[in-house]
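Heads up, the thing below is written out as structure tokens.
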């Protein structure tokens with residue numbers, strides 16, 4: 001489904017404003033350094049899915065607590081957004097943790113390992129699989 005220009009403009013506006021509100025307006029100590037990575041607005045502009053990440057939230061429990069705190073403050077965010085625009089309705093924010101920050105380096109290392117393996121095969125030396133379960137492994 002392709003987004004229209006208005007959806008994108010509203011999403012960009014909400015992303016910038018929520019980042020500003022978190023940085024300047026939130027006084028909850030459980031909300032540390034939070035990055036607003038992406039916002040997706042529903043077609044009817046009633047909901048805004050806000051994807052955030054934080055370097056402070058290193059465990060699953062901390063991530064869940066951060067999302068719970070932000071979703072608990074969704075009314076505050078919505079009222080602050082309403083003060084900053086002239087649209088007829090203000091989308092209700094729903095916060096989600098964006099795990100791209102954690103998945104990115106892992107995927108990058110997997111790609112680098114695959115490139116090295118391809119280069120080794122092209123050079124004529126075939127490396128054995130590095131894990132314990134190769135193609136001839138009968139353990140099960």
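Please arrange 65, 112 by counting, for each residue, the other beta carbons lying within 10 Å of its beta carbon, fewest first.
Details: 65 14, 112 10.
Least to most surrounded, the residues fall as 112, 65.
Remark: 53, 46 ranked as 46, 53, counting other beta-carbon atoms within 10 Å and listing the fewest first.
Counting other beta carbons within 10 Å of each residue's own, what order do 18, 111, 67 fall into, fewest first? Write out the running numbers ahead of the final one.
Numbers: 18 23, 111 10, 67 18.
So the ranking, lowest neighbour count to highest, is 111, 67, 18.
Given q = 0.17, 0.25 Å⁻¹, what are the Debye log10 I(q)/I(0) values for the range 5-98, with equal point scatterers placed on the Cα positions and solvent ignored? Relative scattering, expressed as log10 I(q)/I(0), comes to -0.66, -1.38.
So if each residue of separation counts as 0.36 nm, and I subtract the Cα-Cα distance between residue 9 and residue 99, what length gain in nm does that give? All intermediate terms of the calculation are to be shown ahead of the outcome.
On the way: separation 90, 0.36 × 90 = 32.40 nm, distance 2.41 nm.
That works out to 30.0 nm of additional length.
Each of residue 24 and residue 92 was given a label point 7 Å from its Cα along the Cα-to-Cβ line. The distance between the two points is 2.8 nm.
Extension gain, residue 49 to residue 107, is 18.4 nm, computed as 0.36 nm per intervening residue step minus the present C-alpha separation.
Only the coordinates and a few stated rules stand behind these numbers; no lab work does. Everything numeric here is computed off the predicted structure, so don't read it as measured data. Note that we place each Cβ from the backbone using ideal geometry, even for glycine, and neighbour counts take in every protein chain shown.
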